[in-house]
Every structure is written in structure tokens, then in C-alpha cells.
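Comments concern the structure below.
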Amino acid sequence: MKLKNFCGSPEHAVSRRGFLTSLAAAAGTAAFADMSAIQVLGSPEVANDLRANQKRVIMLWLAGGASQMETFDPKPGVPTGGPFQSIATSTPGIRISELMPRMARRLKDTCIIRSLNTRNADHGSAARIMMRGRMGEPSVDYPDLGAVMAREMGLEGSQVPDYVSFYTATEGRSMSPGSAGFLGARYGSMDLTTSMVPENIRRAGVNEQDHSERAELRDQLSGMFERGRTSSSLDSHNQAYRRVSGIMANEQLFDIEREPQRIRDRYGNTLFGRQALAARRLCEAGVPFIRVGRAWWDTHAQNFESHQEMVPELDHVMSTLLDDLEERGLLRNTLVITLAEFGRTPSINSTVGRDHFASAWSTTLSGCGVRGGTVYGRSDESGNRVAEGEIGAARLFATIYRALGIPHTKNYYLGARPIPLTDPGTEPIREVLA
Amino acid sequence: MLRCFTACSFFLFGSSLAFAQPSAQLLPADRSIEQAVDHYIDAKLKEDKVTPSPRADDAAILRRLTLDLNGRVPTVVELQEYLASTDPIKKTKLVDRLLESSAYSRHGAQTFYAFMQYSEGRPRKGDKGNPLYDYLLSSLSENRSWDRIFREMMLPNEADPKMKGASDFLKSRVKDLNKLAIDTSSTFFGVNVSCAQCHNHPHVQQWTQDQFYGMKSFFARTVDSGGFLGERDFGVVKYIPNKGAEKVSPILFLSGKKIDAPGMKDPTGEERKKEQMRLDQGKKAKAPPGPPQYSLRAKLVETALAPENREFFARNIANRMVHRVMGRGLVMPLDQVHSENPASHPELLDWLARDLADHGYDLKRVVRGLVLTNTYARSSRWEGEKAPDERLFAVAQVRPLAPMQMATSLKLTTADPQSLPTDRKKLEDRIVALEGSASGLANLFPQPTDNFQVGVAEAMLFANNEALQKSLLAGVGTLTERMKQEPDLTKRVDLAVRTVLSRPGRPEDVQALVGYLQRRQDRPDAANQQIVWVLLTSAEFRFNH
């Protein structure tokens with residue numbers, strides 16, 4: 001099988017997956033054999049080709065659960081519709097909350113899905129489902145979307161991390177940590193929780209010369225040990241150390257001060273804006289998956305005041321990100337997912353809040369592989385139920401994988417047991433795909 | 001209505017090796033474990049015309065045994081003594097000493113704890129104060145038999161405070177009976193029945209939906225009762241099969257043995273009242289409720305251990321112990337021991353299962369037998385063209401260290417070797433203290449899986465975390481301080497290699513390391529630290545080989 005986004009020249013016609021398939025066949029047990037197998041360090045040309053066409057994801061994670069009624073599925077005029085009006089968008093007939101005027105003007109790359117029924121309104125388990133596309137089972141720890149992207153789109157020996165997660169707020173962080181599950185630490189997330197600089201990315205206590213020369217000596221000694229010993233665990237150990245200097249050299253990717261003032265102003269001087277800008281820098285450099293967590297959406301009280309404050313920020317950051325990606329030619333290959341663990345109840349509680357609600361809520365997919373300027377599905381008049389096009393997390397994920405060119409039926413192997421990316425029989429939503 | 005969330009088609013090995021059918025004729029039961037293992041492994045090698053790799057050298061054997069049996073690498077003095085000894089049975093003596101050490105139970109408890117928690121691949125959670133870990137530790141300390149551990153975990157006596165941890169396996173799963181059935185079956189019988197939850201197994205004829213619900217039925221009456229485990233007198237599992245109407249699941253063991261139990265019909269009001277009173281009495285007294293008139297869990301234990309059904313229980317532990325010692329089971333994966341996934345050496349699996357059952361499921365005895373085999377003692381290096389199929393056990397496996405093995409060994413090897421007591425008893429005490437101080441460090445490393453992949457975060461941690469480097473490489477009482485006292489660079493490097501890699505220096509690595517020190521004569525202290533860093537971060541340290 002040839003990688004769809006791979007450059008066509010014959011000397012590069014060794015596709016990653018093709019390599020993998022043969023490797024897996026040779027190994028007999030396919031378990032974990034198919035990790036990215038193109039040696040990027042050895043062939044910068046291949047790396048550039050790949051990077052130009054590699055699919056990427058930026059996920060805007062609205063932790064706590066943003067209200068669909070104050071964002072993408074407004075219901076002005078119904079008793080629980082809240083105080084905000086809806087406005088027309090660039091697509092005739094589609095209206096979103098008046099709190100999102102910028103997204104209303106640039107809906108062309110975005111598909112709004114208004115028919116999620118994910119059946120779970122508990123923060124922790126809902127976050128697990130929405131990061132994985134399924135609940136899982138007791139003895140199988142499924143990888144999340146970031147880890148799958150790291151595995152599918154990360155390049156061996158890559159100079160950049162494969163999976164970066166910004167999650168600075170304390171609220172809900174423990175509910176949805178990045179998790180590589182059975183794929184293992186190789187595909188785990190680089191978490192930025194306390195600062196914009198990743199842990200252990202800066203040299204400390206050793207001068208530059210010693211730092212690099214001891215790494216060379218390490219490589220030499222490990223090489224002696226490796227002779228005559230074959231094991232994928234052993235390879236991964238040396239690969240991990242070989243990636244250190246490249247990742248360190250790329251620390252500047254996290255430094256948005258390196259962006260022109262004009263760009264920084266565009267994203268705005270909020271934490272969310274700054275992290276979204278860092279995400280764009282990482283995306284541009286070839287990081288396959290970046291999540292930007294924006295918390296405090298869990299508005300059990302004062303839902304409208306909170307949304308009045310937070311939705312315009314989301315509108316600003318999301319629209320700026322899409323503009324910027326488009327201007328750089330990146331949106332074609334980058335899928336921006338705006339998602340939470342669930343939405344919020346149409347009913348309004350006694351503290352003017354909305355509570356957890358997973359029965360009829362919204363998400364958006366923008367950019368890569370998506371039919372923009374559209375809406376899929378419909379909630380009923382009150383917003384209590386899905387009236388049309390009901391989907392769960394599984395179909396959302398099948399759609400996401402398809403938009404990225406990853407076969408959603410692809411299997412990973414746990415020992416001899418095949419584990420498909422999505423549960424068998426799950427179909428992507430054609431209407432959402434370009 | 002249950003939906004199938006899991007993909008259950010099974011990939012079967014396109015077998016390049018022809019596996020023999022198990023024969024009724026096994027080697028006699030009076031053979032030693034060593035003899036039986038080597039007999040079957042060698043026979044298969046001969047049949048496939050593969051010459052296994054040679055015996056590993058003494059230093060490699062010492063390191064492997066110390067890691068496998070005591071969860072740490074050997075000290076410089078232990079290495080010196082072992083290499084110097086000309087005693088023809090020094091290996092056996094070493095094995096017996098390691099098995100007698102209290103570290104054997106601690107390391108064993110870590111290993112069992114990890115697999116019972118299904119924590120492979122996840123960041124390690126501390127064992128501190130975990131009742132299940134404590135229970136496993138005390139069980140292994142007195143070499144409690146595996147069938148007794150099984151019985152105690154299935155039928156825990158919660159009134160006995162010392163047995164508190166035995167109930168943890170059930171208690172942590174009692175709110176999810178599916179999980180309880182699946183984990184019990186995987187842990188103790190080597191069969192993951194989760195596939196059969198949704199449909200009959202596509203490839204394994206013997207696995208039907210009844211198999212899953214049948215196993216679940218043994219736990220159908222198990223409930224949380226005021227923080228204690230209770231078992232009701234009534235209760236069945238009902239399910240809607242793929243074809244047909246809702247039915248009551250039979251109580252069915254994996255072997256096909258059906259259990260006729262009372263309490264399958266709906267209880268009368270009177271009976272229900274009586275049952276509730278029994279549970280309420282416990283709650284009121286803040287004590288475990290009294291036992292039911294008929295315990296399904298007790299029936300599970302009885303059935304699983306009965307000679308005619310015990311093959312699941314016995315094969316599972318035999319396979320898991322081979323995996324623990326050799327780094328690979330006779331059947332892989334460990335929870336897929338079924339007819340369509342044959343063992344690499346079916347007769348050996350049967351022989352070991354019988355041997356375990358005949359000898360009261362003595363775990364220490366089987367570990368001892370396995371580590372004394374020639375199979376265990378092979379080199380992990382393959383000099384030929386292409387390494388043979390792993391299923392032949394022709395080459396020793398290279399295995400990543402588990403979190404506590406890694407952390408304890410880091411602490412031990414970076415300490416000044418002369419600061420370690422040479423007296424065995426005192427060294428044991430020091431190791432206990434080291435393990436205590438290594439526990440936090442261990443949480444930085446994930447529990448390895450069978451195809452474990454090291455993440456870049458680990459390399460970044462070692463490369464750039466200043467606190468970690470300082471604690472390991474600098475200051476009073478460290479190896480690098482001792483290295484300063486040795487003016488001869490070759491001897492200094494040899495000391496570092498012996499300490500960290502548990503073997504004498506070899507010309508090629510000594511040369512490279514001495515060269516490095518010579519180029520750094522303007523900053524010798526830093527150079528010593530970097531030498532130790534290089535050794536600690538080499539694959540040779542990170543793996544058991």
C-alpha cells in the first residue's frame with residue numbers, strides 16, 4: 001500500500017506503509033512492527049517531501065464542555081435559548097451564535113456537526129471517549145488521536161516531537177491526559193502544563209561540546225552492544241537518544257517571540273492565542289498532532305456570562321488560526337478539530353448555568369479533507385435530541401481518519417490480536433468529507 | 001442491549017514453523033524442570049536444524065540472574081567474587097542465594113502486581129501502601145503456592161486484617177462484572193474472553209458467547225456491601241445472544257463444565273428479605289457480611305482446580321512463569337492460550353503444567369528450574385546472518401528493565417562502590433534502603449510491554465534534567481567521586497564499566513572511554529561524570545540481556 005501523500009518520484013517510492021507491510025509480513029507477528037520507518041536524518045530530501053504533504057491535526061480542546069447553544073448551534077427564541085442571538089454566516093442558511101462573528105465570516109473551510117450523541121456526560125470517561133473515538137474495554141488501553149497521529153504521521157528520527165499537548169489550566173487536566181495506550185511511550189505526548197517551554201528541552205549543567213560529544217560516545221558504545229542483537233525495543237532506545245539534539249535545536253518552535261509582532265497581535269495576547277500560535281509554528285515544522293487545551297468551560301453557574309467572555313476568544317483564535325494556516329498553504333493538509341468532552345444542557349439550572357450534556361451537541365472540523373461551509377446533522381427545536389444525522393464518537397473518528405487519508409479500518413496488533421482504528425462496521429460521514 | 005465495541009477477529013500465525021501436535025507421551029514426571037525444558041527446546045532446534053547461540057559469559061549470567069531474581073544489577077564486589085570463583089556449581093549456589101534474598105519476593109511482587117493491574121505500557125503507579133502489592137509481597141515471602149493465592153484472592157477473608165490486600169483484585173473490579181470476569185479469566189486461566197462478549201468466536205470453536213457469560217455468571221452474585229465484598233444467594237446473568245431471545249446464561253467454566261447451582265430462580269419475598277438481612281447485618285457491624293448458603297465464587301475455585309478442569313489454571317501459570325524468566329511465553333500473547341493459538345512447544349507446556357500441579361504450584365521451584373536451564377543461559381547475541389525465529393528460544397531475549405529494576409539499578413550503580421557493605425546481610429539492608437529511595441524515580445519509567453518502545457521523553461530526561469544528573473553523577477558518596485581517586489585512566493574506566501555495566505571493560509570500549517577522558521584533561525571531574533552518563537544511557541544498561 002502506498003502512502004497517498006507521498007511524493008511520486010521513483011527513488012522515493014519506498015512508502016512507509018509499504019515498508020511496514022513487508023516488515024510485518026517478515027516478522028510474522030505484526031505487533032508494532034509498522035512504525036514510521038523512513039530514516040529522516042539520513043535523507044533530508046525525503047523528509048522535506050514528506051513534510052510538505054504530511055497530514056497534521058491541531059485540536060482546540062474546550063475542556064469542561066463548551067455550550068453548543070452559545071457557539072455552533074444557537075436556538076434563539078426558544079425558552080431555554082439564552083440571551084444571545086444568531087447571525088448569518090458566509091454560507092446562506094447557516095447561522096451561528098452572534099458571539100462568533102469572525103467564524104461566521106469564514107465558514108468556508110469548516111463543517112459544523114450538530115448531531116453528536118455520545119451518551120456519556122461524565123468528564124473523565126467522556127474525555128476518554130472523545131480523545132479516542134470509543135470507550136474501550138477493560139484489558140485494552142486504546143491510544144488517543146494524538147498517539148495515532150504520532151504513529152501514522154510521525155517520521156522515524158524526526159527532529160520534532162510527534163505529539164504536543166498544551167494544557168495549562170488545572171481544571172480537567174487530569175481528566176484528559178494525552179495517552180499512547182498500548183502503542184507505548186514512543187508515541188506519547190510532550191505535555192506543556194506549567195510553561196510554554198517543554199520539560200528537559202534545554203541543556204543544563206553541561207557545556208554544549210560535552211553534551212554533544214558524550215551523546216556521540218553513547219551512540220558508539222550502544223552500537224557495539226547492538227551488534228548481533230535485534231529487537232524493536234532496542235532500536236527505539238537508540239532512536240530516542242538520536243532525536244534529542246534535533247528536538248533541542250527546535251526549541252525555538254515553542255518560542256512565539258520569534259514571530260513578527262504583527263502575527264502575535266493577530267492571535268492576541270491571551271494564553272489561548274499564544275498557544276494556538278505556538279501550535280501553528282509546530283504544525284508548520286511537521287509536528288503531526290498538537291492539542292491546545294482551553295479550560296473553564298464547565299459553566300454549571302453563570303453560563304451566559306462565561307460564554308460571553310470565552311466564546312469571542314474562541315472565535316478570534318480559531319478564525320485567526322484558520323486564516324494563518326490558509327495563508328501559509330497549510331490548511332490543505334491540516335485538520336483543525338474544535339472539540340470538547342460534551343456539550344451543555346439546553347435547560348438552564350437555578351444558578352443560570354447549563355449542565356453536562358452529551359445527547360445532542362456540536363463539534364467542528366476545518367481544513368484538510370473536509371467539505372467546508374456546511375452543516376451536518378440537526379438537533380431538534382429545543383436542542384434536547386438529535387433530529388437528524390445522529391452520530392457517536394466512533395463515526396466522528398472514522399470521519400476524522402478518512403479526512404486525513406488514514407484508513408479507518410486499519411488494524412494495529414496487540415500480540416496476534418488485531419485492533420482496528422475504529423470499531424468494525426463504523427462508517428465515515430460522506431457528507432462531511434470533501 | 002450490548003453492542004460490540006471490540007474487534008475480535010483473530011490473526012493466526014502464518015506458521016513458518018511446523019508445530020508438533022502434543023503427544024500423550026510426555027517425558028516422565030520425575031525429570032527435573034531443567035532437563036524437561038532443555039529436552040523439548042533442543043529437540044525443536046534440532047528438528048529445525050538451528051544451532052542456538054552459545055552460553056553467555058559469567059558476567060552476563062550474573063547480571064541476568066540478579067536482575068531476574070532480585071530486581072537489580074550486581075555490585076562490583078559480587079561481580080568480582082563470581083568471576084573469581086572456580087566452584088563448578090557456583091551458578092546453582094548463586095541462584096539459591098538470590099532466591100533466599102528478601103529482594104526475590106519484592107521483585108516478584110512488583111512483577112505480579114504489574115500484570116494484575118494491567119499496567120503495562122502505562123506510567124508506573126507507586127506500590128506504596130497498596131494492599132494488593134502488600135498481599136503479594138507477603139505471599140511471595142513465604143512462597144505461598146499459586147493455587148492458594150488464587151483461592152485467597154477469589155475468596156478473601158476480609159475479617160483478617162493481614163489478608164486485606166487479597167480482596168483488592170475483586171474489590172477494585174466489583175462495580176464492573178464484565179471487567180471482573182475478563183480479568184480473572186486472563187490472569188488465572190490465560191484466556192481473554194472479552195471477544196465472546198458480543199458474538200461466538202470466529203476462529204476458536206470452543207469460545208462462544210456462553211463462555212463469556214458463563215464466566216461472568218460465577219461473579220453474578222458478588223456485590224459491594226458497605227465497603228466489603230458480599231455474595232448474594234440468588235442472581236443470574238441474562239443476555240441477548242446474537243441470535244434468539246434473551247436467555248439466562250448457564251454457569252459455565254472454560255473447560256465446558258456446567259455448574260448446577262441453587263438460586264437460579266427469582267427468590268421469594270421471604271428469601272429476599274433473609275438475604276438482605278444478612279448483608280445489612282454486616283453493614284451495620286462494619287464487618288464483612290456472612291457467607292452465602294452457596295458461593296459461586298467458591299465453586300469457581302473448586303472447578304478451576306479440579307484435576308479434570310485444571311489445564312487452564314496450570315498452563316496459564318506455567319506459560320506466565322516461562323515468560324517472566326525467558327522474556328517470552330511458550331504461548332504468545334499470554335492471554336490467548338487456546339486451541340487456535342498453539343504453543344511453540346506444546347508438550348513442554350503440558351509437562352510444565354503437570355509439574356506445577358504435581359508440586360503444589362510452587363512458584364519458587366519453577367523459577368529455580370527455569371533459570372538453571374541451558375536455554376536460559378544462552379547469549380543474547382546472534383553471530384550468524386539472520387536471527388532465528390524467537391519461538392525457538394535459540395537466543396536469549398533482550399528485555400527492557402521494569403521501572404523498579406531500572407531505578408534501583410540506577411541508584412546502586414551510581415553509588416560509590418566502596419560505600420556498599422560487603423557483608424551480605426548489611427548489603428541486603430542497604431538495598432532495601434536504596435529501593436525505598438528509588439521508588440519516586442521508578443515512576444518516571446513506564447511498565448514495559450512485549451514490544452516496548454522507549455519514548456523520546458526518557459532520552460530528554462537523561463540528557464537534560466539537571467536534578468537527575470546531579471543526583472546520579474555528582475556529590476559525596478557517588479561513583480564519580482571514587483573515580484577521582486584513581487589516577488590510572490584505564491583502571492578508572494574499568495571501574496566505571498564494572499560498576500555500571502556489571503562486566504569487566506573490553507578493549508574496544510575501554511579505548512573509546514579512555515580517549516574521551518584524555519581529551520578532557522582540563523576538566524576531569526566533568527569528564528568522569530560524562531563517562532558514567534554514557535554508560536547509564538547505553539542500551540547495555542537499559543536492558544536485561
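Things to note:
- If only residues of segment B:144-171 that are of a type in the set (S, T, N, Q) and either buried (at least 17 other Cβ atoms within 10 Å of the Cβ) or in the same structural domain as residue B:217 (by TED's automatic domain parsing) (or both) are counted, the one that is farthest from residue B:365 (Cα to Cα) is B:167.
- For segment A:251-287, the set of residues classified as within 14 Å of chain B (Cβ to nearest Cβ) and in contact with a strand residue (DSSP E or B) (Cβ under 7 Å, 6 or more places away or on another chain) consists of A:287 only.
- Residue list for segment B:447-484, restricted to those being away from chain A (no Cβ under 14 Å), free of Cβ contacts under 8 Å to residues at least 60 places away in the same chain and not in a helix (DSSP H, G or I): B:476
- Residue check: residue B:493 meets all listed conditions (1) more than 33 Å from the chain's Cα centre (by Cα); (2) touching a residue at least 24 places away in the same chain (Cβ under 8 Å); (3) surrounded by fewer than 23 Cβ atoms within 10 Å (Cβ to Cβ) but one, namely (3).
- Members of segment B:327-352 found to be within 12 Å of chain A (Cβ to nearest Cβ), more than 26 Å from residue B:69 (Cβ to Cβ) and of a type in the set (Asp, Glu), listed by number: B:340
- Cβ-Cβ distances below 8 Å connect the following pairs, each with a first residue in segment B:257-276 that is over 12 Å from residue B:234 (Cβ atoms), a second residue that is of a type in the set (Val, Ile, Thr) and not in a strand (DSSP E or B), and a separation of six or more residues or different chains: B:257/B:303; B:259/B:303.
- Meets criteria (under 16 Å from residue B:154 (Cα atoms), of a type outside the set (Lys, Arg) and not in a loop (DSSP other than H, G, I, E, B)) for residue B:280: no
- Among the residues making up segment A:210-223, those that are farther than 30 Å from residue A:256 by Cβ and more than 7 Å from chain B (Cβ to nearest Cβ) are A:213, A:216, A:219, A:223.
Condition check ((1) more than 8 Å from chain A (Cβ to nearest Cβ); (2) within 34 Å of the chain's Cα centre (by Cα); (3) closer than 26 Å to residue B:57 by Cα) across all residues:
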residue	(1), (2), (3)
B:445	yes, yes, no
B:486	yes, no, no
B:506	yes, yes, yes
B:509	no, yes, yes
B:525	yes, no, no
B:539	no, yes, yes
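- Matching residues, segment A:398-434, being at the interface with another protein chain (Cβ under 10 Å from one of its Cβ atoms) and part of a loop (DSSP other than H, G, I, E, B): A:409, A:415, A:416, A:421, A:422, A:423, A:424, A:425
- Residue in segment A:339-352 that is more than 25 Å from residue A:123 (Cα to Cα) and surrounded by fewer than 20 Cβ atoms within 10 Å (Cβ to Cβ) present: no
- Among (1) part of a helix (DSSP H, G or I); (2) hydroxyl-bearing (Ser, Thr, Tyr); (3) in contact with a helix residue (DSSP H, G or I) (Cβ under 7 Å, 6 or more places away or on another chain) - the single one residue A:362 does not satisfy: (1)
- For residue B:124, the stated conditions do not hold, so it cannot be described as modelled with pLDDT of 95 or more, over 24 Å from residue B:150 (Cβ atoms) and within 26 Å of the chain's Cα centre (by Cα).
- Within segment A:271-317, tally of residues that are within 15 Å of residue A:256 (Cβ to Cβ), out of contact with any Leu (no Cβ under 7 Å at 6 or more places or on another chain) and charged (D, E, K, R): 1
- Residues of segment A:113-138 that are touching a Leu at 6+ places or on another chain (Cβ under 9 Å) and within 14 Å of chain B (Cβ to nearest Cβ): A:118, A:132, A:133, A:138.
- Top-ranked residue of segment B:191-239 - restricted to ones that are assigned to a loop (DSSP other than H, G, I, E, B), within 14 Å of chain A (Cβ to nearest Cβ) and under 24 Å from residue B:318 (Cα atoms), ranked as modelled with the highest pLDDT: B:192
- Among residues of segment B:243-286, those that are surrounded by 11 or more Cβ atoms within 10 Å (Cβ to Cβ) and closer than 30 Å to residue B:335 by Cβ, counted: 15
- Hits in segment A:92-101 - residues which are out of contact with any Phe, Trp or Tyr (no Cβ under 9 Å at 6 or more places or on another chain), crowded, with 17+ Cβ neighbours inside 10 Å and touching a residue at least 24 places away in the same chain (Cβ under 8 Å): A:94
- Just so you know, in segment B:415-448 the residues that are surrounded by fewer than 22 Cβ atoms within 10 Å (Cβ to Cβ) and among the β-branched types (Val, Ile, Thr) include one that is farthest from residue A:156 (Cα to Cα), and it is B:422.
- Selection of segment A:383-407 for residues being in contact with a Pro (Cβ under 6 Å, 6 or more places away or on another chain) and buried (at least 18 other Cβ atoms within 10 Å of the Cβ) yields A:383, A:398, A:399, A:402.
- Breaking point among (1) crowded, with 24+ Cβ neighbours inside 10 Å; (2) within 13 Å of another protein chain (Cβ to nearest Cβ); (3) closer than 29 Å to residue B:181 by Cβ; (4) in contact with a strand residue (DSSP E or B) (Cβ under 7 Å, 6 or more places away or on another chain), for residue A:150: (3)
- Hits in segment A:408-428 - residues which are surrounded by fewer than 19 Cβ atoms within 10 Å (Cβ to Cβ) and acidic (Asp, Glu): A:427
One line per residue, one yes/no per condition, for (1) within 24 Å of residue A:185 (Cβ to Cβ); (2) not in a loop (DSSP other than H, G, I, E, B):
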| residue | (1), (2) |
| --- | --- |
| B:334 | yes, no |
| B:344 | no, no |
| B:351 | no, yes |
| B:366 | no, yes |
| B:387 | no, no |
| B:404 | yes, yes |
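- Residue within segment A:380-397 that is within 30 Å of residue B:449 (Cβ to Cβ) and away from chain B (no Cβ under 14 Å) present: yes
- Top-ranked residue in segment A:224-250 [being facing another protein chain (nearest Cβ under 7 Å) and within 25 Å of the chain's Cα centre (by Cα); ranked as nearest to residue B:528 (Cα to Cα)]: A:244
- Residue selection: residue A:170 satisfies the criterion of being β-branched (Val, Ile, Thr) and surrounded by fewer than 22 Cβ atoms within 10 Å (Cβ to Cβ).
- Criterion (surrounded by fewer than 18 Cβ atoms within 10 Å (Cβ to Cβ), of a type in the set (Asp, Glu) and assigned by TED's automatic domain parsing to the domain that holds residue B:365) met by exactly one of B:302, B:340: B:340
- Criterion applied to B:50, B:77 was being at pLDDT 95 or above, within 30 Å of residue B:435 (Cα to Cα) and over 28 Å from the mean Cα position of the chain (by Cα), and the one residue passing it is B:77.
The values are calculated or read from the model by the stated rules, or taken from the named source; none is laboratory data. Model, not experiment: these values are computed from the prediction. Don't worry about glycine lacking a Cβ; one is built from the backbone with ideal geometry, like all the others, and counts go over all protein chains shown.
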